[in-house]
Amino acid sequence: RKEVEQDPGPFNVPEGATVAFNCTYSNSASQSFFWYRQDCRKEPKLLMSVYSSGNEDGRFTAQLNRASQYISLLIRDSKLSDSATYLCVGAKAAGNKLTFGGGTRVLVKP
Amino acid sequence: DAGVIQSPRHEVTEMGQEVTLRCKPISGHNSLFWYRQTMMRGLELLIYFNNNVPIDDSGMPEDRFSAKMPNASFSTLKIQPSEPRDSAVYFCASLYAGEQYFGPGTRLTVT
């Protein structure tokens, strides 16, 4: 079993709609979590960190559920520019040795 | 700042040839990471350095792969000899304040 697992999608989302997806992690994997975004044929870029209390950054909300070992990302009022692959990432220590999930592809359509 | 710089951006080579990928991290970033990304296996960490010292190379697939960081501003990843299954995008990333900044990647094709 992979340390960080994600539904590969694609999630086809109408523009303006809300989309949410999760990733699960194994107990031995990580203490810190992040969401990275990767556009087609580009490098991954940090979208947001994930805190136990949940955190919001504009239209994006991230949640961490340690009891059930999953992380979620919710995108409200989806824009066409939100189309990308979203990578769930765990780290044993802040910033070091990241373990990436396989990514969830999101396609926002007009 | 120019960000993390990688060269070449694309490399096409024949099986058996030596391939050298280069990375210049962002100035002042003390940790450097090499990743490989394929459709089948996703993004995998190969090796990382702290202050130019290799810390964890457990992700290096086999002895054909080697990485060096002779100084704080330069690192290489070498594959010798290359094989078709090495075809992938290789990313370099450097770390600052808990965030990893990725370079644009080198797309390697081994025929």
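What do you reckon, is B:MET40 among the hydrophobic types (A, V, I, L, M, F, W, C), part of a loop (DSSP other than H, G, I, E, B) and open to solvent by less than 40 Å² (accessible area, probe 1.4 Å)? Before you say what the answer is, go through the steps one by one.
On the way: among the hydrophobic types (A, V, I, L, M, F, W, C): yes; part of a loop (DSSP other than H, G, I, E, B): yes; open to solvent by less than 40 Å² (accessible area, probe 1.4 Å): no.
Spelling it out, it is not the case that B:MET40 is among the hydrophobic types (A, V, I, L, M, F, W, C), part of a loop (DSSP other than H, G, I, E, B) and open to solvent by less than 40 Å² (accessible area, probe 1.4 Å).
Among the residues of the range B:87-108, is there at least one that is more than 12 Å from the chain's Cα centre (by Cα), of a type in the set (A, V, I, L, M) and over 22 Å from B:GLY16 (Cα atoms)? I'd like the intermediate steps shown before the answer.
To start, the set of residues in the range B:87-108 that are more than 12 Å from the chain's Cα centre (by Cα) comprises B:87, B:95-101.
Restricting the remaining residues to those that are of a type in the set (A, V, I, L, M) gives B:95, B:97.
Still in the running and over 22 Å from B:GLY16 (Cα atoms): B:95, B:97.
Yes.
On the given criteria, is A:GLU15 open to solvent by 30 Å² or more (accessible area, probe 1.4 Å) and modelled with pLDDT of 95 or more?
Numbers: open to solvent by 30 Å² or more (accessible area, probe 1.4 Å): yes; modelled with pLDDT of 95 or more: yes.
Yes; evaluated as a whole, the condition is true for this residue.
I'd like the residue in the range A:25-44 that is of a type outside the set (A, V, I, L, M, F, W, C) and modelled with pLDDT under 95 and, out of all such residues, is most open to solvent (accessible area, probe 1.4 Å).
Of the range A:25-44, the ones of a type outside the set (A, V, I, L, M, F, W, C) are A:25-28, A:30-32, A:36-39, A:41-44.
Adding the requirement that they be modelled with pLDDT under 95 leaves A:25-28, A:30-32, A:41.
Values: A:TYR25: 10, A:SER26: 22, A:ASN27: 121, A:SER28: 86, A:SER30: 5, A:GLN31: 112, A:SER32: 33, A:ARG41: 163 Å².
Looking at the filtered set, the residue picked out is A:ARG41.
Can you list residue pairs whose Cβ atoms sit under 7 Å apart, with the first residue in the range A:6-19 being more than 16 Å from A:THR104 (Cα to Cα) and the second being open to solvent by less than 50 Å² (accessible area, probe 1.4 Å)? Count only pairs 6 or more apart in sequence or on different chains.
A:GLU15/A:SER78; A:GLU15/A:VAL108; A:GLY16/A:SER78; A:ALA17/A:SER78
Which residues, taken from the range B:39-58, are more than 9 Å from chain A (Cβ to nearest Cβ) and either closer than 16 Å to A:ASN96 by Cβ or modelled with pLDDT of 95 or more (or both)?
Answer for the range B:39-58, where residues must be more than 9 Å from chain A (Cβ to nearest Cβ) and either closer than 16 Å to A:ASN96 by Cβ or modelled with pLDDT of 95 or more (or both): B:LEU46, B:ILE47, B:PHE49, B:ASN51, B:ASN52, B:VAL53, B:PRO54, B:ASP57, B:SER58.
Can you confirm whether B:GLY105 is touching a residue at least 40 places away in the same chain (Cβ under 8 Å), more than 14 Å from chain A (Cβ to nearest Cβ) and at positive phi? I'd like the intermediate steps shown before the answer.
Numbers: touching a residue at least 40 places away in the same chain (Cβ under 8 Å): yes; more than 14 Å from chain A (Cβ to nearest Cβ): no; at positive phi: yes.
Here the answer is no, as B:GLY105 does not meet what is asked.
Can you name the condition, by its number, that B:ALA67 falls short on among (1) of a type outside the set (D, E, K, R); (2) within 14 Å of chain A (Cβ to nearest Cβ); (3) in a strand (DSSP E or B); (4) out of contact with any Ser or Thr (no Cβ under 6 Å at 6 or more places or on another chain)?
Single failed check for B:ALA67: (2).
Could you tell me whether any residue of the range B:10-22 is surrounded by 17 or more Cβ atoms within 10 Å (Cβ to Cβ) and within 25 Å of A:ASP39 (Cα to Cα)?
yes
If a residue must be under 24 Å from B:ILE47 (Cα atoms) and open to solvent by less than 10 Å² (accessible area, probe 1.4 Å), how many such residues does the range A:55-97 contain? Break it down into steps so the answer makes sense when it comes.
So in the range A:55-97, the residues under 24 Å from B:ILE47 (Cα atoms) come out as A:85-97.
Now restrict to residues that are open to solvent by less than 10 Å² (accessible area, probe 1.4 Å): A:86-91, A:95.
The total comes to 7.
Output the residue which, of all residues in the range B:81-102 that are in contact with a Lys or Arg (Cβ under 6 Å, 6 or more places away or on another chain) and of a type outside the set (Ser, Thr, Tyr), is farthest from the other protein chains (Cβ to nearest Cβ).
So in the range B:81-102, the residues in contact with a Lys or Arg (Cβ under 6 Å, 6 or more places away or on another chain) come out as B:88-90.
From the residues that got through so far, the ones that are of a type outside the set (Ser, Thr, Tyr) too are B:88-89.
Working: B:ALA88: 13, B:VAL89: 8 Å.
Selected residue: B:ALA88.
The values are calculated or read from the model by the stated rules, or taken from the named source; none is laboratory data. The model shown is predicted, which means the values in this text are computed figures rather than measured ones. Quick reminder, even Gly has a Cβ in these numbers, built from the backbone with ideal geometry, and neighbours come from all protein chains shown. Note: accessible area is taken over every heavy atom of the protein model, side chains too, but ligands, DNA and RNA are not part of it. Shrake-Rupley method; radii C 1.70, N 1.55, O 1.52, S 1.80 Å.
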